[in-house]
Amino acid sequence: MDFRHAFGSIGAGHMAEAVIAAAIRGGVCRPRDSLVSDPLPERRTLFADRFGVAVTADNARVVSECACVMLAVKPQGFAEVAAELRDLFTPRHLAVSIMAGVSTARVSELLGGRPRVVRVMPNLPIMVGAGMSGLCAGPSATPEDMELVRRLFDTGGETLVVSDESMIDAVTAVSGSGPAYFYAFVEAIVAGGTACGLTEAEALRLARAACLGAGRMMIDTGESPAELRRKVTSRGGTTQAALDHLAGCGVDRAIREAVLAAFRRARELGS
């Protein structure tokens, strides 16, 4: 089998878009060496126009023409997709799964046990170079496979390799879903700002800058969130009043339980 393309993606959703945007921007994938499939014409058009990659509605063409195939379909629909493709995969293929909750063993099983498998849990900020991706090798994946996948996802930010695959579900709960927790928190801050009399645009600008600055300080100083929080908080001041209210509402407990809920859901998706 002679592969026409180095990289292909089955699925052209938002996460696939983020990964491909980063890979092309980082020079790891060239548009002419990439092929993306999706059933929706509008998604195919977006990828062709924005990235200059080849597109198709035929998943089988991606497997036939690409050495490295990213599996970017919904976990609930993977068994159906795999049934159509399993006979096309060979030991020469590297399958890179970004599906939440689906183990490398399950991917390998549904694809006939032939391709090498690496599992990745990225997050959406990979699109702007600020992503975080957890990586885990399947049983047949080689060190060269892991290096290739690490380079691919490093173009969009950072990567963390975990040796225990069960921890990928924890990565999903913390960094995979984490941006959504953050956006929900910012939405709530903006709502509080408008309740204080600011316009929504003013509140959003202030909240966005505060959150960006807080994140940058955590990264650049290397100090713990607890220590930075103490530096911001004066006894009896405005920040202390806000934090006391959050504690009284059980916000810290609710956030911990939210992460655990995402973790449990990731496990359910793979069962």
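The values are calculated or read from the model by the stated rules, or taken from the named source; none is laboratory data. What you see is a predicted model, and the numbers here were worked out from it, not measured in a lab. Cβ coordinates were reconstructed from backbone atoms using ideal geometry, including for glycine residues, and neighbour counts include every protein chain displayed.
Filter the range 20-49 down to the residues that are loosely packed, with under 13 Cβ neighbours inside 10 Å, in contact (Cβ under 8 Å) with a residue 24 or more places away in the chain and within 20 Å of Thr155 (Cβ to Cβ) and list them by number. Write out each step before concluding.
Within the range 20-49, the subset loosely packed, with under 13 Cβ neighbours inside 10 Å is 27, 32, 39-42, 49.
So of that shortlist, the ones also in contact (Cβ under 8 Å) with a residue 24 or more places away in the chain come out as 27, 40.
The one that is loosely packed, with under 13 Cβ neighbours inside 10 Å, in contact (Cβ under 8 Å) with a residue 24 or more places away in the chain and within 20 Å of Thr155 (Cβ to Cβ): Gly27.
Could we say that Leu94 is in contact with a strand residue (DSSP E or B) (Cβ under 7 Å, 6 or more places away or on another chain), touching a residue at least 40 places away in the same chain (Cβ under 8 Å) and under 23 Å from Arg264 (Cα atoms) here? Lay out the reasoning, then the answer.
Numbers: in contact with a strand residue (DSSP E or B) (Cβ under 7 Å, 6 or more places away or on another chain): yes; touching a residue at least 40 places away in the same chain (Cβ under 8 Å): yes; under 23 Å from Arg264 (Cα atoms): no.
The answer is no for Leu94.
Identify all residues within the range 204-216 that are surrounded by 12 or more Cβ atoms within 10 Å (Cβ to Cβ), hydrophobic (A, V, I, L, M, F, W, C) and within 19 Å of Tyr181 (Cβ to Cβ); write none if there are none. Spell out the reasoning first.
As a first pass, look at the range 204-216 and keep what is surrounded by 12 or more Cβ atoms within 10 Å (Cβ to Cβ): 204-208, 210-211, 214-215.
Narrowing the set further to residues that are hydrophobic (A, V, I, L, M, F, W, C) leaves 204, 206-207, 210-211, 214.
Within the range 204-216, Leu204, Ala207, Ala210, Cys211, Ala214 meet the criteria.
This table checks each residue for (1) within 26 Å of Gly101 (Cβ to Cβ); (2) among the aromatic types (Phe, Trp, Tyr); (3) out of contact with any Asp or Glu (no Cβ under 9 Å at 6 or more places or on another chain); (4) not assigned by TED's automatic domain parsing to the domain that holds Glu109.
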{"site": "Val190", "(1), (2), (3), (4)": "no, no, no, yes"}
{"site": "Arg205", "(1), (2), (3), (4)": "no, no, yes, yes"}
{"site": "Met217", "(1), (2), (3), (4)": "no, no, no, yes"}
{"site": "Gly237", "(1), (2), (3), (4)": "no, no, yes, yes"}
{"site": "Asp244", "(1), (2), (3), (4)": "no, no, yes, yes"}
{"site": "Ala261", "(1), (2), (3), (4)": "yes, no, yes, yes"}
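Looking only at helices (runs of 4 or more DSSP H) that fall completely inside the range 1-85, which ones have 1 or more residues that are of a type in the set (Lys, Arg) and farther than 16 Å from Val107 by Cβ? Outline the logic, then answer.
Details: elements: 14-25, 41-51, 59-65, 78-85.
Of the helices (runs of 4 or more DSSP H) lying wholly inside the range 1-85, those with at least 1 residues that are of a type in the set (Lys, Arg) and farther than 16 Å from Val107 by Cβ span 14-25, 41-51, 59-65.
Looking for whichever is modelled with pLDDT of 95 or more and out of contact with any His (no Cβ under 8 Å at 6 or more places or on another chain) here; the options are Leu204, Leu269. Which one fits?
Working: Leu269 fails: modelled with pLDDT of 95 or more.
Among Leu204, Leu269, only Leu204 is modelled with pLDDT of 95 or more and out of contact with any His (no Cβ under 8 Å at 6 or more places or on another chain).
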